[in-house]
Amino acid sequence: MRIDIVCVVPDLLKSPFEASIMKRAIDKGHVEVHFHNLRDYTNNKYKQVDDYQYGGGAGMVLMAEPIDKCLGQLKSERQYDEIIYLTPDGHRLDQQMANTMSLQQNLIFLCGHYKGIDQRVRDMHITKEISIGDYVLSGGEVAAIVLSDAIIRLIPGVLNDETSALTDSFQDNLLAPPIYTRPAEYKGHKVPEILMSGHKKKIEEWREDQALKITKEKRPDLI
Ligand code: ADE
């Protein structure tokens, strides 16, 4: 997979790709991540990327030209499965969407900044608009990190058996059951007996019951 991240603050983005599972996925050749700074696609001396809103209103808008130039260049180099704009008014990201995108080859993530981007480049280039939740961030960069992590860990071969994504919360539309590790008793708090019984089928049933119970308590909307 190849991900191209287009933004105005690439420095905000880089370190999460230099550690942990995303770094391992890059090192093992499962994914390439490229960063593009919109200021490199400006014509003006001050590398200005934003301007005032037509019609008035608070907040600056990212101009069409640098975005169009950058996306145009990338699209001339290869075919993209999706050109995704990260925005609070997009479709809310869920595990199903991450599963689907983890099987794609080439993705562009465009990060907004300030008030957003000129509508014309949305109309011209964007194939999917994604929000990572119903709150507003100061830019799409943090959202691009979240989306990258959610997708990259699902690329076949990235996680090994111990970290398998199959038992994650949401994979079966339920939250994950409680988990424990050694010691069997900590400050008087004991690990549930059943988990130490060695009885695989009963343990599986217990986990399913717990997942259902926790989901009913915390996220009844999922049931
Ligand atoms: N940019 C600003 N807020 C965002 C959000 N909630 N999701 C995606 N991109 C954003």
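Taken together, the values in this text are just the output of simple stated rules run on the coordinates, not laboratory data. These numbers were taken from a predicted model, which means no experiment stands behind them. Every residue, glycine as well, gets a Cβ built from its backbone with ideal geometry; the counts of neighbours run over all protein chains shown.
Panel values: segment 167-222, Kirkwood radius from alpha carbon pairs, Stokes-Einstein at 37 °C and 0.692 mPa s, translational diffusion coefficient 266 µm²/s. With one equal scatterer per alpha carbon and no solvent term, the Debye-computed log10 I(q)/I(0) for segment 49-95 at 0.14, 0.24 1/Å reads -0.54, -1.00. Full extension of the segment from Lys213 to Val191, taken as 0.36 nm per residue of separation minus the current Cα-Cα distance, would add 6.1 nm. Here the mean projected area of the convex hull built on the C-alpha positions of segment 23-66 is 5.2 nm².
Exposure proxy ranking for Lys28, Lys187, based on other Cβ atoms within 10 angstrom of each Cβ and starting from the fewest, stands as Lys187, Lys28. Partner lysines whose Cα lies under 16 Å from the Cα of Lys23, excluding those fewer than 8 positions away in the same chain, are identified as Lys14. Taking the chain on its own, what percent of its Cα-Cα pair distances exceed 21 Å? That fraction is 63 percent.
Of all DSSP beta bridges confined to the chain, the antiparallel ones make up roughly 20%. Note on segment 120-156 and segment 185-223: Cα centroid distance 33 Å, given to the nearest whole angstrom. Using the Cβ-Cβ distance between Ser138 and Lys202 with R0 = 45 Å, the FRET efficiency computed as 1/(1 + (r/R0)^6) comes to roughly 0.40.
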